[in-house]
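Have a look at the structure below before the remarks.
The values are calculated or read from the model by the stated rules, or taken from the named source; none is laboratory data. Just so it is clear, the structure is predicted and the values come from calculations on it, not from any experiment. Cβ: placed from backbone, ideal geometry, glycine included. Neighbour counts: every protein chain shown.
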Amino acid sequence: MKSARAKIVCTIGPATSSERMIASLIRAGMDVARLNLSHGTHAEHRRHIEAIRKWSRRLQRPVAILLDLQGIKIRIGKVEGGSVHLRKGGSVLLKPGDGITTDETLFISYPALLRDLKKGQRVLLDDGLILLEVAGRRRDALVARVKEGGALTD
């Protein structure tokens, strides 16, 4: 028998976490159950894994489990006036540390910012809606071009 190249990946969350729903997903062809560890508790994830394994055995259908690990949380500083707009084609300074973020300077809660980012690298903000590209370096900041603009809020 030739194995399928495509796999069906289902995220287990509030709408899909009951045993009944997990069994339904497996019956419908789920190959991989994805658990987002950024949400929920260890106990909830354990229950989900146990239910996936239980129904995988009962239905005699192998199901892989993908654990989506939470990455580091890098934040911008408090936003001046609650909201600033970064305009496409403009530039902005990226500075490590605490400070008030404006439309000209973004304070970033990542101390190694100046060391880790290089010219030409992309910086995504607001879950990827805003795109910056590092264009240069100053002594205490990076200069970035706004490739895709948008509003940043507190």
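Name the residue that is nearest to PHE107 (Cα to Cα), counting only residues in segment 60-96 that are within 15 Å of the chain's Cα centre (by Cα) and of a type in the set (D, E, K, R).
ARG75
Would you mention how many residues in segment 40-61 are surrounded by 13 or more Cβ atoms within 10 Å (Cβ to Cβ) and either over 18 Å from ILE26 (Cα atoms) or of a type in the set (D, E, K, R) (or both)?
Number of matching residues: 6.
State whether one or more residues within segment 103-121 are more than 21 Å from the chain's Cα centre (by Cα), assigned by TED's automatic domain parsing to the domain that holds ARG138 and closer than 14 Å to ASP154 by Cα.
Yes, because at least one residue in segment 103-121 is more than 21 Å from the chain's Cα centre (by Cα), assigned by TED's automatic domain parsing to the domain that holds ARG138 and closer than 14 Å to ASP154 by Cα.
If I go through segment 45-94 residue by residue, how many of them are at pLDDT below 95 and out of contact with any strand residue (DSSP E or B) (no Cβ under 7 Å at 6 or more places or on another chain)?
Looking only at that region, the number is 7.
Could you tell me which of the residues LYS95, LYS54 is closer than 28 Å to PRO14 by Cα and either assigned by TED's automatic domain parsing to the domain that holds ILE26 or free of Cβ contacts under 8 Å to residues at least 60 places away in the same chain (or both)?
Selected residue: LYS54, the only one of LYS95, LYS54 that is closer than 28 Å to PRO14 by Cα and either assigned by TED's automatic domain parsing to the domain that holds ILE26 or free of Cβ contacts under 8 Å to residues at least 60 places away in the same chain (or both).
Can you confirm whether LYS73 is in contact (Cβ under 8 Å) with a residue 60 or more places away in the chain and either closer than 30 Å to GLU148 by Cα or out of contact with any Lys or Arg (no Cβ under 6 Å at 6 or more places or on another chain) (or both)?
Against the criterion (in contact (Cβ under 8 Å) with a residue 60 or more places away in the chain and either closer than 30 Å to GLU148 by Cα or out of contact with any Lys or Arg (no Cβ under 6 Å at 6 or more places or on another chain) (or both)), LYS73 does not qualify.
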